[in-house]
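See structure below.
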Amino acid sequence: MYPLKFRPAPLVEIARKNRQEIVRAGLTRRELIKLGLLTSSGYLIPTRGLSAQTSCPAGVCQLGCSPPTLPFVDPLPIPPVLPARPLSDPGFAIPPNAQPSGQPQDARNEAHQFRDRFPPQQFFITRMRPNANFRFSENATNLARIPPQLIWGFNLGGPAASDVAITPGPTIVSRYGTPIVIRRFNELAPDDTGFGVPETSTHLHNFHSGPDSDGGPCDPVFNRIVRIGQFYDHFYTMARAGFDTDEFRATNGDVRETLGTLWYHDHRVDHTAENTYKGLVGFHYIFNEFDTGDENTGFHLPSFPQFDVPLFVADKLFTPEGEICFDPFGFDGLVGDKFVVNGRIQPFFEVQKRRYRFRILDGGPSRFYQFFLTNPDNPSQSIPFWQIANDGNLLPRPIEITSTRISVAERMDVIIDFNKISARFGHPSRIWLENRLEQVNGRAPTDKILPAGNPANVVLEFQLVGPDNVPDPSFDPEPVSFPRVPCSPNDCVFAPICLPRLPSDNAAAPTDRIRLTRSFRFERGNGQWQINGQFMDCTRFRFTVQRNTAERWILRNNSGGWQHPIHIHLEEFRIIRRNGRLIQCGDVEFSRKDVVRLGFNEEIEIVMRFRDFRGGYPMHCHNTVHEDHQMMLLWQVQDIGDNNPEP
Ligand SMILES: [Cu+2]
């Protein structure tokens, strides 16, 4: 499976074979340590040899052992937009499970909920394929160290081999009010790199989807897993949450539940970390009549695609020989030593001196980030930018920040005004997007903020080009931003996309009334990760939520050693308290959320509604290594819920 250019050295081959044999043997972590094959920190002990390049043993997959590379030599790739197909596309009419024999079959064995009410108006196709010639850099020096190699990705939907799969995959652009079907083919192949399972379930994080199209990890009854040669039709109503409640039926949902920045990723149970790390990820934007994608209309946010730019940030490990690697025995999580943005190592991006909207995503598998803007010629400058959205949700008021911390799967939409930076910070020619949060293992960041101006911590270099004061019709968040403007709980700069009412214990409407409080402990147990003392179990739902009601969930982490980004499917929640402290306006978490960072010894109170759909969804840690090692549970929504307070 290697391009001719890249013939792995024999020692690498030996190390990989050893790793594969161990995987096949199914040995436990404890057995491996006993046999002297695994260190207690979770790294496989290499069998022999040292690479000529570094002091790291050949084939080892370990922090600090990736080959050195030159930063800022590759332009930032922008994933292409997945083309929408007309409904007359011959593929669209074929009903599920009625494919001509010899053709790929639909893996789905359940109906799409609400498809009659929201008939699809657009159809997309994409194919998951191996790409054996993927370049993490185009630079000759870097290519000599990290050669073209195998990843998994998504293509533009064509059957031809020339329609090559990329990672991140094509950006899917959809709109509220235009229901869609996305047909995703699994055209992967088994490979011998030691990680990745060519079976998929593609989750649209965190769209309000029926369980049939959510792309969950597994289900006690319905099939979630798409095998090689199969496809799966994901149907998205493109309606806001609440569309099947009395209050919001007529408007097809509550406009305040509008989502914007989403992403899709593999969610195959037990193998999500490997499969997403190997490339099965991409952005999914949703526009609407207010956030239009055109800076001359609606909220006047910077125009897509030129000034509205996705930044898929991920960290990777490579062997000293330059082969991407993943240690299946590192249960703590994987932190890489190469920052990759939209598939390139530490790229640069040329910007005009005007405002841009960046949609920053922590693509995992395990690292937390705290991003700052750094002027490399004067790292002591504190450069502000404006956060306008948290996860998929516009904030009630933009917040001026000099940094924000995010954990795996969290997103932040920010406005960076390069004209103001140029005028106020001495006309710098370069600005770095720098991650200054120290993290040395997959457990958690150390909470230490590293000094500014270290190229090793930079994920992306902005190169400022062109004249100052170019015409810029886009929205300027500064004059309306907190703390320049005092905040209020009723803020709604992006009206009508305001914060929905908070559910409460005594509300009149069932969808507003908190029916129940449940609590969940996220903890270490039996060498892996548990919720309330139990591992993930695909065969049962741990509890049943009553449809069209609200609940309060208490998330607890009694550990001083671990942090967990907790993700809940189906709807957005609100974080009410952290350790008893109310989250108040002016805080970036005073927002609708779909991931919450559960820090050291923290107790978090959230409230959430469960509307419209029936069926099963997961809650899990989004450190994907923790998730795969069992920190996940399935719950369901039905017309009658249970009252289990500690499921
Ligand atoms: Cu975790």
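Where a number appears in this text, it was derived from the coordinates with a stated rule and is not lab data. In this text the structure is predicted, and so the values were computed from the model without any measurement. FYI the Cβ positions are ideal-geometry reconstructions off the backbone, even for glycines, and counts take in every protein chain you see.
List of remarks:
- Secondary-structure-derived ellipticity at 222 nm for the chain, considering helices only, amounts to -2000 deg cm²/dmol, per-run term -39500 (n - 2.57) for DSSP H runs with n ≥ 4.
- Pair-distance profile P(r), taking every C-alpha pair of segment 308-480, with 5 angstrom steps and integer %: 2, 8, 17, 21, 20, 15, 9, 5, 3, 1, 0
- Amide H contacts under 5 Å for residue 430: 464, restricted to partners 5 or more places along the chain or on a different chain, H placed in the peptide plane at 1.01 Å from N.
- Relative contact order (%) - criterion: Cα under 8 Å, at least six apart; region: the chain: 13 percent
- Proxy reagent accessibility, fewest Cβ within 10 Å first, across 56, 325: 56, 325
- Our summary gives segment 316-387 a relative contact order of 21 percent, counting only alpha carbon pairs under 8 angstrom and 6 or more residues apart.
- Separation between Cα centres of segment 413-439 and segment 519-536, rounded to whole Å: 41 Å
- Relative packing of 489-499, 64-74, which averages over residues the other C-beta atoms within 10 Å, highest first: 64-74, 489-499
- Pairs of alpha carbons in the chain separated by more than 35 Å make up 38% of all such pairs.
- Lys/Arg +1, Asp/Glu -1 at C-beta; segment 286-422 dipole; positive extreme among 381, 406, 349: 381
- Restricting attention to the chain, close to 70% of DSSP beta bridges with both partner residues there are antiparallel.
- When you count the other C-beta atoms within 10 angstrom of each residue and take the mean per peptide, 116-129, 379-392 line up highest first as 379-392, 116-129.
- Looking at segment 514-638, the DSSP beta bridges with both ends there are about 80 percent antiparallel.
- Taking 14 Å as the straight-line reach from the Cα of residue 593, the aspartates and glutamates in range (excluding those fewer than 8 positions away in the same chain) are 257, 391, 410, 413, 571, 572, 605.
- Most simply put, segment 152-308 has about 75% antiparallel DSSP beta bridges, counting only bridges with both residues inside it.
- In terms of other Cβ atoms within 10 Å, 425, 154, 134 run from fewest to most in the order 425, 134, 154.
- About its Cα centre, segment 276-424 has a charge dipole of approximately 340 debye under the convention of +1 per Lys or Arg Cβ and -1 per Asp or Glu Cβ, with nothing else charged.
- Highest mean first, the peptides 602-609, 242-249 sorted by other C-beta atoms within 10 Å per residue fall in the order 602-609, 242-249.
- The amide H of residue 303, built 1.01 Å from its N in the peptide plane, has 295 as neighbours under 5 Å, considering only residues 5 or more places off or on other chains.
- 3J(HN,Hα) along segment 213-230, derived from phi through the Karplus expression 6.51 cos²θ - 1.76 cosθ + 1.60 where θ = phi - 60°, amounts to 10, 5, x, x, x, 4, 8, x, 10, 8, 6, 10, 9, 9, 9, 4, x, 9 Hz, with x in place of Gly and Pro.
- Simple point charges give the picture: +1 on the Cβ of Lys and Arg, -1 on the Cβ of Asp and Glu, and for the chain a dipole about the Cα centre of about 860 debye.
- Placed amide H near residue 175: partners under 5 Å, 5+ positions off or other chain: 287
- For segment 308-480, the relative contact order comes to 28 percent (Cα pairs under 8 Å, sequence separation of at least 6).
- Positive-end extreme of charge dipole, the chain - chosen from 329, 156, 293 (charges on Cβ): 329
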